[in-house]
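Read-outs: derived from the displayed coordinates by stated rules, not from any lab. Small disclaimer: the values here were computed from a predicted structure and weren't measured. We place every Cβ from the backbone using ideal geometry, glycine too, and count neighbours over all the protein chains shown.
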2 protein chains.
Amino acid sequence: MVNQQFTFAVHIMAVLAFSSDEVIGSRRLAASVNTNPVVVRRLLLSLRAARLVETLAGRHGGARLGKNPSRISLMKIYDAVEPRPVISVNGRKALKRCHGSCNMKHVMSCVADSTERAVRKHLRGITLAQLLRRINTPR
Amino acid sequence: MVNQQFTFAVHIMAVLAFSSDEVIGSRRLAASVNTNPVVVRRLLLSLRAARLVETLAGRHGGARLGKNPSRISLMKIYDAVEPRPVISVNGRKALKRCHGSCNMKHVMSCVADSTERAVRKHLRGITLAQLLRRINTPR
DNA sequence: CCAATTGTAATTAAAACAATTACATTTAAC
DNA sequence: GTTAAATGTAATTGTTTTAATTACAATTGG
């Protein structure tokens, strides 16, 4: 199972959005997402760095949304918490006697970069608010 | 480093495309891609299943391209060798007392699926032939 | 027959990752 | 000011993935 961080982060953001204004602790969030409070807190730190949430330390501390759900795209969440590229180019040295295999690495990097952009563009089109509406729709 | 299989596979396909018609053994391909012959052979099996290459067993065996590079998109290579989705939804049971957290999993699956489609659509637009031209361009 | 190669299983080694434990720090409430 | 509850953060553990490797039966050209 891969990219769980992103899924967790979106889930956390959705829970926070459901009770905007209310400050929710990592224990409750962890129960909601079904993981460990420490995992949640680490994600919240990343989300905070991206200004997507605000956190309060100390007693009755916790987190709340940093801005309106309609102004938060999944791309921002992705950028905040996802450390890995979708396609990673193997960093080893290429072949010696190369038919342009020297360029291979460069060309693959371009493919990797453009793919990353395609993913981010797609996620940019989905806001947290849209997600909430879909979650509320009983399907 | 993630998704190396895809990068390896594209590299292998590029090498095969450079000498179309010629049958190249896993040893040579492995040297080109700088990995192990067995890794190459496993990838070739997947690529063969997708009809992207033909392999010949026995003495002087090896692989060659199955069709014209202009008819091979990176999407086909991706589909052939990539077992993992770009975004994987955490399979655990959701929260009991859910504000529609029951729907959360479904909604995230939709996001994961549409993202996968976005990646595949992007890769569909890049053919092996285009890649070869770019590799030959001395940059 | 023989040498070279694929096809494939099994094993090993390394890397990535989630989960957990532990604890110092912060802060509200009393 | 003390206390209880929470965050922030480091360190550790255990599991899962993954690439690499070894080994060998099956295939095939010469």
Placed amide H near B:G25: partners under 5 Å, 5+ positions off or other chain | B:A63
Between segment B:62-80 and segment B:1-48, the Cα center-to-center distance that results, in Å = 12
Fewest-first ranking of A:H106, A:H11, using other Cβ atoms within 10 Å as the exposure measure = A:H106, A:H11
Sorted from shortest, what are the nm distances separating the label point of B:R64 from equivalent points in the other copies, each placed 7 Å from Cα along Cα to C-beta?
-> 7.0
Taking amide H positions as placed 1.01 Å from N in the peptide plane, with prolines and chain starts having none, which residues 5 or more places from B:G66, or on another chain, fall under 5 Å of its amide H?
-> B:V53, B:E54
Subtracting the Cα-Cα distance from 0.36 nm times the residue separation, let me have the gained length for B:R48 to B:Q130 in nm, one decimal.
-> 27.4 nm
Neighbouring Cβ atoms within 10 Å as the yardstick, rank A:F18, A:F6 fewest first.
-> A:F18, A:F6
What distance in nm separates the simple spin-label points at B:S70 and B:H106, each placed 7 Å from Cα in the Cβ direction?
-> 4.7
